[in-house]
1. How far is helix A:143-174 tilted off the main Cα axis of chain A, in degrees rounded to 10, range 0 to 90?
2. Considering every pair of different Cα atoms, what Kirkwood radius, in Å, is found for chain A?
3. Excluding residue B:250 itself, what net charge comes from residues whose Cβ is under 15 Å from its Cβ, given Lys and Arg +1 and Asp and Glu -1?
4. Please go through the residue pairs B:311/C:87; C:11/C:83; B:328/C:13; B:328/C:32; B:65/C:32; B:200/C:79 and name each one whose alpha carbons sit more than 27 Å apart in this structure.
5. Relative contact order for region A:18-83 using alpha-carbon pairs under 8 Å, separation at least 6, rounded to a whole percent?
6. Calculate the mean, over all residues of peptide C:116-126, of how many other protein chain Cβ atoms lie within 10 angstrom of the residue's Cβ.
7. Considering every residue in B:220-228, what mean count of other chain Cβ atoms within 10 Å of its Cβ is obtained?
8. Over the residues of chain B, compute the C-alpha Rg and express it relative to 2.2 N^0.38 Å.
Amino acid sequence: MKDVLIELLRNEPLVYTLMAFVPLLWILPFALFAVWWERKVAAHMQDRLGPMRTGGWHGWAQTIADILKLIQKEDVVPSAADRMLFTLAPFVVFIGAYAAYAALPFSAAYVGAGIHIGLFYIIAVSSLVVIGLLMAGWASNNKWSLFGAMRSAAQVVSYEIPIALSLLTVVMVVGSFDLQEITKAQSGSLLNWFVFQKFPLLFIAAIIYFVASLAEVNRTPFDIPEAESELVAGYHTEYAGMKFALFFLSEYANMFAVSMIAVIIFFGGWNSPFGDFVSGPFWGAFWVISKSLGFIFLQMWLRWTLPRLRVDQLMYVGWKVLIPFSFAIILGVGLWVMMAT
Amino acid sequence: MEAAIEKPVTIPGFGRPLRSHEMVINMGPQHPSTHGVLRLELVVDGEVVIDMIPHIGYLHRCFEKHAEHMTNYQQVIPYCDRMDYIAAMSNDLGYAVACEKLLNIKVPERVEYIRVIMAELQRIASHLLAIGTYGMDIGAFTPFLYCFRDRERILDIYEETCGARLLYNYIWIGGLSHDVPSDFQTKVGDFCRYFRPQIKELNNLLTYNKIFIERTANVGVLPADVAVNYGASGPVLRGSGVKWDLRKNDPYSIYDRFEFDIPTGKGEVGSVGDCWDRYIVRVREIGQSLNILEQAIAAIPAGNVQSAIPKRIRPDASEVYVRTETPKGELGYYIVADGTTSPYRVKVRPPTFVNLSILPAMSRGAMIADVIAILGSIDIVLGEVDR
Amino acid sequence: MIPQEICETLKEKFPGAVLETKTEGVLNPCVKVAPDRVRDICLFLRDEETMAFDSLMCLSGVDYTGGKLGVVYHLDSMKRNHKITIKVEIDAANPRCQSVESVWKTANWHEREAYDLFGILFDGHSDLRRILLPDDWEGFPLRKDYTVAEYYHGMKVPY
């Protein structure tokens, strides 16, 4: 796609700038849909209906109404807050979440930047989110926000290790960090997907990745940073209007990014589950997006079912359960790969 | 590291100046989890609470002063409702029983049975709210809605009987304000049959959930002797293993005719007297209340619920102290009469006022998240704490 | 033990401190004691085996008009299943009474409330501050001769 555009416009920097906006074309409608979907999923699990009126059919326009409301709200900055950090924080969080989309292949024909170290880049750049959270918590001049930010920083940094380790297992099998390579290695049939390979090691790695990714995106049972019942709203207590909307958008963008990484690494990416049937460049995008939506549904399901872990229990799970298991899996997969060659 | 800061910051009630690594954080009057307008000043060292100073009085509505200025003992009853607004029937019942003892009135049998049924339904409704909001404090949002769905059925029964869902003014001195509708027994029986399986669903979803147990077991342990010395009552006392329930130990109304058990905390998943024990006592009490309900609706006699309501209430100069078992604990009314038609002094001893005073002792050394868990397990209603 | 026996035992143990007993023909048997011996009497009632009053049910202030305030203690024994009421009468001009916080921790907040609403000072209380009313409120509302202040922080109080 990049080549087509370069042919057309003959201006490489312009093409790159335009392509940087392409994931936004997906993220914005997705966030609109996901917020509505979350409310519907929550409602039906709680034996009620959820949005029913805005827009007619099951309140599909609810999020649009919410965005309109947020846009016209007064942008409040607390008088004692650090103005520059306060304003920058939501953007840093969004950049951390958004930059990961550059290396995610939506289909065989489209990937924003086909980097050889795609996975490594994604893991590295999504750590920017922590800086944004710390900025938000500190700049709000609010002890509760500070608590939320500190807890969040500790949590995100700790859970990056099991994420990286569990993803490394697949890298060992494929021999490359390039996401398109990893996806191509899973083509063929359903059983070629890495979650079913080297059974049960990569299966457990997938579970470890999924649990750790819940902690990365601050979803229950790891939503201590935004623990509504304890910290009012954690690090985004003091934010109003569009800045708050940007935090929300970043959360959903991040959710989709980690789900998509799970799908690409373990569940076949843009490969169709039926082998060659129903596959192709556009079907690829359909498959990867629907599989990611399945994981997002799983994340929502867990949020409305499970209580929240206390912060020290959360750290315990990360450091004393997930990391040792990840190390064991890496050892196992390494030995397996060595024996096979 | 341990040096005191330059200009020592003192906090009333704390007892010593703050050290440099300590921080005062305010769980202010408005907070999603303080169950009302309660201000908790926490002195924390990181996440660990070193001391806690509760500030109450935000909902003080001068109940006792109002009671002295009423022209009539009956007029105090709507004010009683509004103290513990979650369990209004129990407040009315306590006051009515106290006044009837003062005036030496014997109410008809029908009134007694209906009062017991209303009080036990109220116990279930109040515990459902306590359990639901407790789950929400811990982070599980769904049980809250399931509990409220079931609580709606009870409120529907109340609405059919006396017209109100939350503040009833139903139990009057000497009787009741309305008789129950003709399908009352069927409705309550249907509710009991519907609700028993729901307790199992709640247990599957919340009670035995590993994360819930991690959050509540061994948290906020209250030893039995400390509980008795602090005057704890209700599920807080029973959660510490003390088998004390006024319905059995100091019976009032016709509770001695029913067979039911008193659940106590046994430290099944942690220590005796932790938050989980207090929680499970409430869940099991709901089951026991269902037993009482089933026995009561089978035996309601006929009669006139308003035959014993006195035309004029003018007790002699005397005083009485009567305590009843509300869902929150032991509610006491100390009424001093001076021979006129209005009370001379009405002192209310709210169970949650006393239970809340134990909170600082239970939360020293706990983490902030634990403070929320402990506060939720005490189940306070600020309307009652502040009156 | 019936109230009569409790009163007899108290009269023997604390001669001079027990001022009056009322156990016959009343709904609420009570003992009136001197305000400066309350703590000793309560300690005795709690620790003595035959009494075992391990729980203070309620502590209330009362305004007996005519310049007298009172404190009423309702005690209960969970072990022995008996109750008694202790009454104390103090002057409104100098309302001091011994604190029983060291005997039952329940009394902590109850005495703060009695101080808040009646102005009764409890000697030996660890933290006697107002509890229900704001810390800078003037006056003691539950006294019979209380008149509400006109303004509080610039807000008109009676409306």
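1. The helix A:143-174 is inclined about 10 degrees to chain A.
2. On the way: mean 1/r = 0.0475 Å⁻¹.
Computed over chain A, the radius equals 21.0 Å.
3. On the way: positive: B:101, B:238, B:243, B:247, B:248, B:323, B:349, C:79, C:80, C:83; negative: B:245, B:256, B:325, B:330, C:54, C:76.
So the environment of residue B:250 carries a net charge of +4.
4. With Cα atoms farther than 27 Å apart: B:311/C:87; B:328/C:13; B:328/C:32; B:200/C:79.
5. Working: 32 pairs, mean separation 12.7, N = 66.
Result for region A:18-83 is 19 percent.
6. Values: counts 2, 5, 0, 0, 0, 0, 0, 0, 0, 0, 2.
Mean inter-chain Cβ contacts per residue within 10 Å come to 1.
7. Numbers: counts 0, 0, 0, 0, 0, 1, 1, 1, 7.
Mean partner-chain Cβ count within 10 Å for B:220-228: 1.
8. Working it through for chain B, the quotient is 1.02.
Every number here is computed from the coordinates shown, using simple stated rules; none is lab data. Treat the numbers as computed from the prediction; the structure is a model and nothing was measured. Methodologically, a virtual Cβ is constructed for each residue, glycine included, from the backbone with ideal geometry; neighbour enumeration extends over all protein chains shown.
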